[in-house]
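Asks: If you scroll down you'll find the structure; I have some questions about it.
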Amino acid sequence: MRFYQQRLFLAAVFIPLCSLADNTLPYRSPDNILENPPIAGEGFNTEFLGESVTVPSLNRRSINAWLVGAAMNIPAPSSRKVEPIAALYFWRRPDDKKIFYGDVSFLYNSLFFAKNFEGYKNFEWVLTFENFTVPLAQNEIIDGRDDEDQELIWGYVRPGFGIGYRTNIAPFHEDNMFAADFTIEPGFLYFADSNTGAGFRDPQDTFELRTKLQIRMDAMTRNLLSLPSKGFIAGADALFGHRFNWERWGINDSHSASEGRNYASLTGYSAIATGLPFLSKRHRLISSLHAGFGHQIDRFSHTPTTRLYGGINPVAEEYHSGYLPTVPGAAMLEFYPKRYAIAYTEYRYSTTFFSFAHVYAGAAYMNAKRQHNAGVRRSETIMPFVGARFTTGFLGNTRLVLDAAHNFGVKRKNNGYGGTQIVVSVTGAF
């Protein structure tokens, strides 16, 4: 019976994943492949459950990927019991002269393109584009409840252009580089019909002008499933924005014109992946730190990728995903504090060469909006969290991630403090 179970498993997982035997690829013994895990994009021959397996090489200079999934919040903040997740990801770096990467989810898109100036090896011109155009009324969550009195449709469209500097760094994989880019981002911030409470004045449509300095350093080696294996990443973003037509808004004009007309923020992040003393390479330790603060920041200053949120936690899996400030156990886009810090530590163990078990813990600090007897105001808040994750190669050349996190500091309606989030996601190439 066990023989047929093994055959069924191989047929379900490895026939879609792997090509026919390729004698040009190196052979990695089952023991060797666990003690010396293959890196992202590496092709090889090996054995699993007594059967020959070939993992073909992957061109990591050109990637098209999709992601689908869902996050379940228990108990749910307001009506957000299940939150769907879907996106496309594109990466192009055909040579050292140009780079393109983008996240596309249609209602939110973020694109980046840079190309060297002719005759200047490391200096580049840059084009960017970002839009957030959800056609539904949106509100904020405060202590697990929808703030329905300030529910409105809003969004923005924001192209950008600029200059930068980029160079390859060790260990010299396709995504290992240092880059500093300065962009100017003219845009339009708009508002539509609202479902707000009595006395609410809608914000005014306005043109915006933002300037942004973005610094990225990636010296990470990633494994077969793009999980960080050895190295570090770091980066920072400095932003200044101006709204040309900005007046009082909110219930009884509670938000002044000066609050948000000019705004600024500074954020930074770092992550490191390493081994553990006296243990094999099957054991990895990953730690990250995110922090930021802002001046006159409001709910419209943040983008979906700068808010503190739960859901998928990429933890240095891609060149441009390390900056995402994830708070395990929180709902999607739940918080937009004016200052925050998130410390995260993860232990990971290779159960097979294509499957990994993770446990993690950490804490987030932020001045989140909370409900008090005198009304809503920002309060210093600490949110400890713990969680576990399982990542594995899956059907048809895909990757499956199962994640469960509990946050001790989130507020959930009448349930007091503490919330659990379960995330299931599948990614694949096309």
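The values are calculated or read from the model by the stated rules, or taken from the named source; none is laboratory data. Everything quoted here is computed from the prediction, not taken from an experiment. No Cβ is skipped: glycine too gets one built from the backbone with ideal geometry, and neighbour counts run over all protein chains shown.
Asks: Going by the conditions given, is PHE408 touching a Pro at 6+ places or on another chain (Cβ under 9 Å), in the same structural domain as SER350 (by TED's automatic domain parsing) and outside any loop (DSSP other than H, G, I, E, B)?
Replies: yes
Residue by residue, here is whether (1) more than 24 Å from ARG145 (Cα to Cα); (2) in the same structural domain as THR352 (by TED's automatic domain parsing); (3) out of contact with any helix residue (DSSP H, G or I) (no Cβ under 9 Å at 6 or more places or on another chain) holds:
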site: ASP237; (1), (2), (3): yes, yes, yes
site: ILE251; (1), (2), (3): no, yes, no
site: TYR263; (1), (2), (3): yes, yes, yes
site: SER280; (1), (2), (3): yes, yes, no
site: SER288; (1), (2), (3): yes, yes, yes
site: SER301; (1), (2), (3): no, yes, no
site: PRO304; (1), (2), (3): no, yes, yes
site: GLU318; (1), (2), (3): yes, yes, yes
site: LEU333; (1), (2), (3): no, yes, yes
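Asks: Could you go through the range 284-307 and let me know if any residue there is part of a loop (DSSP other than H, G, I, E, B), at pLDDT 95 or above and among the small types (Gly, Ala, Ser).
Replies: The answer is no, given that none of the residues of the range 284-307 is part of a loop (DSSP other than H, G, I, E, B), at pLDDT 95 or above and among the small types (Gly, Ala, Ser).
Asks: While we're on this one: Keeping to the range 278-298, report how many residues are touching an Asp or Glu at 6+ places or on another chain (Cβ under 6 Å) and under 17 Å from ASN367 (Cα atoms).
Replies: Matching residues across the range 278-298 total 1.
Asks: Would you check which residues across the range 57-85 are over 23 Å from HIS406 (Cα atoms) and surrounded by fewer than 14 Cβ atoms within 10 Å (Cβ to Cβ) and list them?
Replies: Matches in the range 57-85: SER57, ASN59, SER62, ASN64.
Asks: List the number of the failed condition for ALA70; all other conditions in (1) touching a Pro at 6+ places or on another chain (Cβ under 6 Å); (2) not assigned by TED's automatic domain parsing to the domain that holds ALA330 hold.
Replies: Of (1) touching a Pro at 6+ places or on another chain (Cβ under 6 Å); (2) not assigned by TED's automatic domain parsing to the domain that holds ALA330, only one is false for ALA70: (2).
Asks: A follow-up question, please. Under 8 Å between Cβ atoms, which residue pairs at least 6 apart in sequence (or on different chains) link something in the range 348-375 that is not assigned by TED's automatic domain parsing to the domain that holds ARG399 with a partner that is of a type in the set (A, V, I, L, M, F, W, C) and buried (at least 22 other Cβ atoms within 10 Å of the Cβ)?
Replies: none
Asks: Under the condition of being modelled with pLDDT of 90 or more and outside any loop (DSSP other than H, G, I, E, B), which residue from the range 34-47 is surrounded by the fewest Cβ atoms within 10 Å (Cβ to Cβ)?
Replies: My answer is GLU47.
Asks: Among what's in the range 228-284 and is of a type in the set (A, V, I, L, M) and closer than 30 Å to PRO38 by Cβ, pick the residue that is farthest from the chain's Cα centre (by Cα).
Replies: If we take residues in the range 228-284 being of a type in the set (A, V, I, L, M) and closer than 30 Å to PRO38 by Cβ, then LEU279 is farthest from the chain's Cα centre (by Cα).
Asks: Which members of the range 288-323 meet the condition of being surrounded by 22 or more Cβ atoms within 10 Å (Cβ to Cβ) and free of Cβ contacts under 8 Å to residues at least 60 places away in the same chain?
Replies: Answer for the range 288-323, where residues must be surrounded by 22 or more Cβ atoms within 10 Å (Cβ to Cβ) and free of Cβ contacts under 8 Å to residues at least 60 places away in the same chain: SER288, HIS290, GLY292, ILE297, LEU308, TYR309.
Asks: Which condition does ALA330 not pass, out of (1) part of a strand (DSSP E or B); (2) in contact (Cβ under 8 Å) with a residue 60 or more places away in the chain, if it passes all the others?
Replies: Only one criterion in (1) part of a strand (DSSP E or B); (2) in contact (Cβ under 8 Å) with a residue 60 or more places away in the chain is unmet by ALA330, namely (1).
Asks: Of the residues PHE182, PHE178, PHE207, which single one is closer than 18 Å to TRP154 by Cα and more than 18 Å from the chain's Cα centre (by Cα)?
Replies: Criteria check complete, one pass: PHE207.
Asks: Mind listing whichever residues of the range 49-100 are of a type in the set (Ser, Thr, Tyr) and out of contact with any Asp or Glu (no Cβ under 8 Å at 6 or more places or on another chain)?
Replies: Within the range 49-100, SER52, SER62 meet the criteria.
Asks: Turning to a different aspect of this structure: Going through the range 49-81 one residue at a time, which ones are of a type in the set (Ser, Thr, Tyr) and within 21 Å of SER226 (Cα to Cα)?
Replies: THR54, SER57, SER62
Here is a yes/no grid of residues against (1) within 25 Å of LYS369 (Cβ to Cβ); (2) modelled with pLDDT of 90 or more; (3) among the aliphatic types (A, V, I, L, M):
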site	(1), (2), (3)
PRO94	no, yes, no
ALA114	no, yes, yes
PHE117	no, yes, no
TYR120	no, no, no
PHE132	yes, yes, no
ALA137	yes, no, yes
ASP149	yes, no, no
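Asks: Can I ask one more? Only one of GLY396, GLY418 is in a strand (DSSP E or B), assigned by TED's automatic domain parsing to the domain that holds THR345 and at positive phi; which?
Replies: Going through GLY396, GLY418 in turn, the sole match is GLY418.
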